[in-house]
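The structure under discussion appears below in the form of structure tokens.
Every read-out reported here was derived from the displayed coordinates using simple, explicitly stated rules and does not represent laboratory data. Quick caveat: nothing in here was measured; it's all calculated off a predicted structure. Please note: Cβ atoms are built from the backbone with ideal geometry, for glycine as well, and neighbour counts cover all protein chains shown.
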Amino acid sequence: MELKDYQRRALDALRTFLDQAAIRDHAAAYAAACAVGEPGAYGATYRPLAGLPGVPYCCLRLPTGGGKTLLAAHAIGIARDTYLARRYPVVLWLVTSSAIADQTLGALKKIGHPYRQALEAHFGGAVRVLGIDERRQLRPQDMADAATVIVATVQSFRVNNVADRNVYRDDEELEPHFAALAPGIDLARHEDGPRRGKPIASFANLLKLHRPLVIVDEAHNFTSTLSGETFGRLAPAAVVEFTATPVRSNVIVSATAAELKAADMIKLPIHLSQHGSWQAAIAHAVDNRAWLEGIAVKDGGGIRPIALYQAQPAREGAEATVDVVKRHLIEDCRIPEDRIAVATGNQRELDGIDLFDPACIIEHVITVDALKEGWDCSFAYVFCSLASIRSGGAVEQLLGRVLRMPFATRRSSEELNRAYAHVSERNFFEAAEGLKDRLTEMGFDERTALEAIVEQPETFEWREDQPLFTRPELPVLHVQERPDQSGWTPEMVAATRIADDGAGGVAISFDTAAPDRVLREVAAAVTTETTSPVAAMEAFLVQRAASLSPAEQGEVLTLPRLAIERDGQLEIIYPETLVDVGGWDLRHVDTSLPGFALTDRPDTFEMDVDGDQVVYSRIDAAAELALDDATDWDLPALSRWLDRTTRQRDVAQPIFLEYCRRVLEGVAVRIPLAQLVRGKYALRRAIIGRVAQLRREAGARGLQLLLGDIAPVLALGENGFSFSKAGYDPRTPYSGPWRPRKHLFSQVGDLKHGGEEWMAAMAIDDHPAVKHWVRNVDRTTWSYALPTSTDLFYPDFVAELMDGRKLIIEYKGADRTDNADSREKRNIGAQLQEVSGGSVVFLWAELDRGGGVSRQIDAAIR
């Protein structure tokens with residue numbers, strides 16, 4: 001399952017937090033992660049877990065439907081690669097209920113499921129997933145040769161009465177795990193009897209021995225349950241929470257409902273209907289589902305809409321109980337009984353049924369609160385609450401079941417991109433306020449929650465006061481019948497939005513960016529005996545062609561790149577090229593680790609790399625010794641472990657393995673092998689730092705050779721770089737009032753209105769010598785870059801002049817023009833200009849120098 005942009009951002013923030021937590025104060029790691037996850041949004045102070053200040057603790061906030069479980073599966077590999085000092089970690093995955101535990105366990109165990117695939121991708125398939133009831137099957141070797149994930153409910157670890165909790169009891173099946181422990185390890189021990197002073201062979205002790213990564217799903221439910229005392233009994237290495245509504249957490253990233261909607265993860269807006277009685281609410285929900293089914297049949301997306309009913313609990317005075325609702329559906333609404341399923345604590349008619357199976361005929365599901373969490377079928381479109389929507393509790397979770405978008409893919413039929421709610425409230429205001437509160441509890445901000453609610457008319461069709469299309473500027477065609485899309489190509493589906501027009505016909509909106517060919521195919525497909533939009537479509541295509549940006553009209557801005565000739569081949573220069581030119585070869589480098597020192601302490605190894613910041617990694621030395629059995633290691637085995645866990649992408653494996661062996665030979669002269677094995681993670685960090693230092697030194701030598709002895713050449717044509725209609729990523733499009741005349745694309749990227757770079761852009765756009773220009777956005781697939789010794793350099797602006805020359809501009813404020821990085825970039829730009837023989841002009845523009853940017857351009861191009 002391909003990750004969405006907001007999900008990648010969330011995992012990047014987690015990676016930053018854990019990576020920094022391994023070498024820095026956790027508060028500093030938290031600040032660094034917030035800068036990645038949600039810049040400027042979280043200025044709160046980092047709060048460690050009570051009693052566990054050394055355990056990194058963070059939270060990822062995603063609204064219902066945001067894919068928290070998938071991200072949690074990815075988080076395990078990220079934690080291993082950044083913070084955890086084990087190749088195969090032990091993970092305790094905590095959930096709210098047995099039902100959720102069963103669902104999560106089933107998904108993580110199922111080969112081919114996206115959650116399982118996410119785990120296996122990080123561990124090469126070496127993954128073992130167990131439920132809490134399967135813990136006695138674990139053997140010491142199991143935990144050494146695969147990542148071990150144990151799924152449990154938080155109730156299993158409540159500490160009110162330890163003696164009553166199986167996870168804290170002595171278990172003879174677990175005794176092999178404690179047979180060869182080194183003395184002094186902090187574990188719960190027998191206080192009396194013949195085994196007094198010996199470790200209790202409990203599951204909790206086993207977890208503590210292995211310092212698990214703790215994943216907490218729906219963490220807001222655990223505020224009063226997961227105390228510092230509970231965590232203290234388990235000694236987690238790190239705690240990562242996932243929730244829609246954080247209570248006490250260090251939030252490092254937050255996704256909004258708008259992001260989920262843009263990523264086609266949820267159905268919005270929600271069409272809300274209030275009814276005077278529960279019977280009316282059911283009748284309209286039934287009609288609503290049938291109306292959607294008729295649309296889904298022609299949509300061709302394989303969707304079977306389902307209605308979800310929340311009945312009233314069976315108590316005195318309750319009218320719409322489960323049995324009453326089911327009887328009403330059968331007798332009054334004429335729904336066949338085999339199309340209805342009841343899912344409550346006592347009636348589990350959905351067990352064993354795959355609602356996504358095309359052969360499944362279930363259309364109506366009745367529950368009270370059994371679907372509170374853990375039930376997931378994105379075919380659920382209609383939510384009918386027969387209790388008060390204001391009665392908190394399970395409502396927000398039930399509503400969440402109808403918000404998930406089928407297949408995370410937007411449909412061209414607008415009605416299938418929305419959710420529908422029917423409630424028996426006295427008036428629309430009370431119903432809307434109640435629904436808003438429920439959405440807020442699901443992780444929506446209040447403004448988004450209000451905007452997400454639209455009043456639904458009595459009949460299910462579009463009308464004037466409802467938003468029909470998310471982009472009202474798109475052209476609209478009106479036809480009499482909804483077209484059958486089952487035979488349409490994916491391009492045709494993506495190019496259209498369809499909805500009832502409120503006048504007995506259908507309105508079809510078109511994406512203005514769709515290719516001419518696709519739009520003509522759609523127009524031909526909707527042509528009938530009474531309606532032919534072909535002429536209207538051709539008129540639109542003519543109008544669109546006249547309003548296209550230069551790039552859309554076929555204009556191309558091509559820029560040369562620097563290259564060198566090696567072995568008769570032209571090779572584009574990247575930072576890796578400079579490293580190679582500078583003599584990067586681990587076969588002939590000094591294998592010492594200057595400044596590296598390893599101190600054997602009960603719970604910490606310290607190390608230092610000369611020229612770098614002091615870094616440290618907290619490791620339980622005694623536990624490491626017991627788990628790894630240092631007496632079985634030798635130098636070749638430790639070399640192979642270092643090679644496997646420190647592999648370099650630009651070094652052949654045999655060469656890097658030999659480098660690791662030579663490094664070990666050097667440090668083993670002064671540090672005993674057993675101590676090196678216990679401190680192997682600190683040694684690994686030292687080697688990574690040393691190799692990075694050697695690579696930087698080689699890159700600097702390569703750059704000096706490029707600027708001096710080696711004569712680079714220009715790479716043109718297919719070896720050059722082109723800005724064209726094939727692609728441009730503005731990242732954050734400019735949204736101010738200024739309208740540039742010469743920008744190659746319709747959008748201008750990464751430009752803040754009123755800022756210094758905006759003023760520079762205006763000067764470029766106004767300059768008479770400039771034909772077209774592009775705001776060059778940093779680090780996208782469609783960005784122009786020049787090499788430096790350690791990275792790529794992305795000039796701020798590129799342009800084509802009227803005389804055909806190319807102009808490259810790097811703009812700097814006065815305080816950023818004279819440092820090592822700036823000098824290196826200026827030298828590379830000057831080298832490109834020199835090699836081009838004048839066909840490329842490189843301008844290092846500065847604030848308040850030479851009469852502004854316009855005059856600096858004049859001087860540069862003369």
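In which sequence would R289, R128 go, from the one with the fewest C-beta neighbours within 10 Å to the one with the most?
R128, R289
Using alpha carbon coordinates only, what is the Rg to Rh ratio of region 633-730, with Rh defined as the Kirkwood radius?
Result: Rg/Rh = 1.21.
In region 570-595, which residues have a backbone nitrogen under 16 Å from the label point lying 7 Å from N719's Cα in the Cα-to-Cβ direction?
570-574, 577-578
Just the ratio, please: alpha-carbon radius of gyration of region 714-861 over 2.2 N^0.38 Å, N its number of residues.
0.99
How would C360, C58, C384 line up from fewest to most surrounding beta-carbon atoms within 10 angstrom?
Ordered by Cβ neighbours within 10 Å, fewest first: C360, C58, C384.
Between L847 and L635, what is the spin-label point distance in nm, taking each point 7 Å from the Cα along the Cα→C-beta axis?
Simple spin-label model gives 5.7 nm for this pair.
Just subtract the alpha-carbon distance of T790 and Q693 from 0.36 nm times their residue separation and send over the number in nm, one decimal.
33.9 nm is the gain from fully extending T790 to Q693.
At 0.36 nm per residue, minus the direct Cα-Cα distance, what do R862 and A35 gain on full extension? Give it in nm, one decimal, please.
293.4 nm
Can you tell me the length gained on complete extension of the stretch V476 to Q704, counting 0.36 nm per residue apart and subtracting the Cα distance?
Gain on extension, V476 to Q704, equals 76.1 nm.
Arrange the following residues from fewest to most other Cβ atoms within 10 Å of their Cβ: W773, W291.
Going from least to most buried by this count: W291, W773.
Output the Cα-based Rg and Dmax of region 5-255 in Å, rounding Rg to one decimal and Dmax to a whole number.
Gyration radius and largest Cα-Cα distance of region 5-255: 17.7, 59 Å.
Among 511-518, 96-103, 83-90, how do they line up by average Cβ neighbours within 10 Å per residue, starting with the highest?
Put in order of decreasing packing, that is 83-90, 96-103, 511-518.
Taking a threshold of 29 Å on the Cα-Cα distance, which of the pairs K725/K806; K68/K198; K742/K812; K68/K208; K4/K725; K110/K198 fall above it?
K68/K198; K110/K198, as the Cα separations exceed 29 Å there.
Just to check I understand the Karplus step: with θ = phi - 60° and J = 6.51 cos²θ - 1.76 cosθ + 1.60, what whole-Hz values come out for region 748-761, glycine and proline as x?
Along region 748-761, the couplings run 10, x, 6, 9, 8, 4, x, x, 4, 5, 5, 5, 5, 4 Hz.
Simple spin-label model, 7 Å along Cα-to-Cβ: R334 to A652 in nm?
Result: 7.8 nm between the two label points.
Peptides 794-804, 521-531: what's the order by average Cβ count within 10 Å, highest mean first?
Per-residue Cβ counts within 10 Å, averaged per peptide and sorted highest first, yield 794-804, 521-531.
For region 261-311, compute Rg over Rh where Rg is the Cα radius of gyration and Rh is the Kirkwood radius from the inverse mean 1/r over Cα pairs.
Taking Rh as the inverse mean 1/r over Cα pairs, Rg/Rh reads 1.02.
State the dimensionless ratio Rg/Rh of region 789-842 (Rg: radius of gyration of Cα atoms; Rh: Kirkwood radius).
Result for region 789-842 is an Rg/Rh of 0.99.
Efficiency by 1/(1 + (r/R0)^6): what FRET value for A182 and R136, r their Cβ-Cβ distance, R0 = 22 Å, to the nearest 0.05?
For A182 and R136, the calculated efficiency is 0.35.
Could you pull out the pairs from K752/K825; K267/K298; K109/K326 whose alpha carbons sit more than 30 Å apart here?
K109/K326
Compute the FRET efficiency between R169 and T527 as 1/(1 + (r/R0)^6), taking r as their Cβ-Cβ distance and R0 = 60 Å, and round to the nearest 0.05.
E(calc), rounded to 0.05, equals 0.20.
Along the Cα→Cβ direction, 7 angstrom out, place labels at R87 and T781. What is the inter-label distance in nm?
3.5
Among Q747, P768, T780, whose Cα lies farthest out toward the positive end of the dipole of region 744-788, if unit charges sit on the beta carbon of Lys, Arg (+1) and Asp, Glu (-1)?
T780
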